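To keep things clear, I will list the structure first and then write my remarks on it.
The values are calculated or read from the model by the stated rules, or taken from the named source; none is laboratory data. Keep in mind the model is a prediction, meaning the values are calculated, not measured. Cβ placement follows ideal geometry from the backbone for every residue including glycine, while neighbour counts extend to all protein chains displayed. Quick note on the areas: whole protein, heavy atoms, side chains included, nothing else; ligands and nucleic acids left out. Shrake-Rupley method; radii C 1.70, N 1.55, O 1.52, S 1.80 Å.
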Amino acid sequence: MERKETPAWPGVLAALLLILLFLSPWIWAWTMALDPVLHPSGSDWMRNHDANVLLAQLTLAIAGAPTAGAILGAGAAASRRRPMGKSALTGACLTSLILSIGGLTWFFTNFHLGPE
């Protein structure tokens, strides 16, 4: 009796959607940081510089965290001589979850209503 393999694409699609869900607040913050970069002040160079630095940091977090997780997951799987695809996807999903939890923690500790 032959064993039938189930296709992997539903799990891969679900993991990619989870990554997008976890990164959506960061992507929203990135679009908000993009506005001052696209419409710079003509006289306030310090504010323009700070906006560019913030955009670069957000870009690094959004692109770098899942990439680093995928590399770490694939490396861990390769060191155990196992298939690397699912491990890379799991690493990317977990690091985007950690990034999302860290961002929410930062937001709730720094967000204040009213005067300081």
Conditions (1) open to solvent by 80 Å² or more (accessible area, probe 1.4 Å); (2) outside any loop (DSSP other than H, G, I, E, B) -> PRO115 fails only (2)
Restrict the check to the stretch 101-111 and report whether at least one residue is in a helix (DSSP H, G or I), small (Gly, Ala, Ser) and either within 23 Å of ALA29 (Cα to Cα) or open to solvent by less than 90 Å² (accessible area, probe 1.4 Å) (or both). yes
TODO: Could you tell me whether the stretch 53-70 includes any residue that is polar (S, T, N, Q), open to solvent by 60 Å² or more (accessible area, probe 1.4 Å), more than 20 Å from SER96 (Cβ to Cβ) and without any contact (Cβ under 8 Å) to a residue 40 or more places away in the chain?
DONE: no
Worksheet item: In this structure, is ILE19 surrounded by 17 or more Cβ atoms within 10 Å (Cβ to Cβ), touching a residue at least 12 places away in the same chain (Cβ under 8 Å) and closer than 20 Å to GLY103 by Cβ?
Response: yes
Of the residues in the stretch 77-96, those that are over 17 Å from GLY11 (Cα atoms) and either open to solvent by 40 Å² or more (accessible area, probe 1.4 Å) or among the basic types (Lys, Arg) (or both) come to ALA78, SER79, ARG80, ARG81, ARG82
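This table checks each residue for (1) among the charged types (D, E, K, R); (2) at pLDDT below 90; (3) touching a strand residue (DSSP E or B) at 6+ places or on another chain (Cβ under 8 Å).
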{"site": "GLU2", "(1), (2), (3)": "yes, yes, no"}
{"site": "LEU55", "(1), (2), (3)": "no, no, no"}
{"site": "LEU60", "(1), (2), (3)": "no, no, no"}
{"site": "PRO66", "(1), (2), (3)": "no, no, no"}
{"site": "ASN110", "(1), (2), (3)": "no, yes, no"}
{"site": "LEU113", "(1), (2), (3)": "no, yes, no"}
